[in-house]
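Notes follow once the structure below has been shown.
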Amino acid sequence: MKTLISVVCFTVISWATAAAQDGVKVAPENYKVLLENAHVRVVAFTLKQGQKSPMVSRPNRVIYALTPAIGKLSGSDGKTIAMNRKAGEAWWRDAESLAVENTGKAEIHTVIVELKQ
């Protein structure tokens, strides 16, 4: 029984890791590291009009919109929420795995400050 539980847990963890990885690695056209040290990683994120980013894993972070950020956020749980941020707006998001779709009329440009443990 313990072996079966271990196999199931390993499979679920492996699937989740494969499904949502570091955006810088899986979508370098959207994510560019600007600074990284032991405390934070600062990432520039761009998403063209109509483009969707892949599902990526993101730590706790602060996001700052350089341009309006209008789109849909799709979580690993299948839930989708609307995003409508103004240029110059900053907001907090807890760690999560999600994909972003740009449904606005312009390219999205944000700066993401990811906190490290």
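For the stretch 67-117, the percent of C-alpha pairs falling in each 5 Å distance bin, counted from 0 to the bin holding the largest distance, reads 5, 18, 26, 27, 17, 6, 1, 0.
So, R0 is 22 Å and r is the distance between the beta-carbons of ARG93 and ASN37; what FRET efficiency does that work out to, to 0.05?
0.60
Peptides 49-62, 23-36 ranked from most to least packed, by the mean per-residue count of other Cβ atoms within 10 Å: 49-62, 23-36. Based on alpha carbons, the Rg and Dmax found for the stretch 14-104 are 12.8, 38 Å. Between ALA82 and HIS109, the simple spin-label model (points 7 angstrom out along Cα→Cβ) gives 2.6 nm. In a reduced charge model with +1 at each Lys and Arg Cβ and -1 at each Asp and Glu Cβ, the stretch 21-115 shows a dipole moment near 220 debye about its Cα centre. Dipole of the stretch 21-115 computed with +1 at Lys/Arg Cβ and -1 at Asp/Glu Cβ about the Cα centre; of VAL43, SER76, ALA87, farthest Cα towards the positive end is ALA87. Scalar couplings 3J(HN,Hα) for the stretch 60-68, obtained by applying the Karplus form with A = 6.51, B = -1.76, C = 1.60 to θ = phi - 60°, are 3, 7, 10, 10, 10, 7, 7, 10, x Hz; x denotes Gly and Pro.
Values in this text are rule-based calculations from the coordinates and carry no lab data. Only a predicted model underlies this, so the values are computations on that prediction, with no experimental measurement involved. Cβ coordinates were reconstructed from backbone atoms using ideal geometry, including for glycine residues, and neighbour counts include every protein chain displayed.
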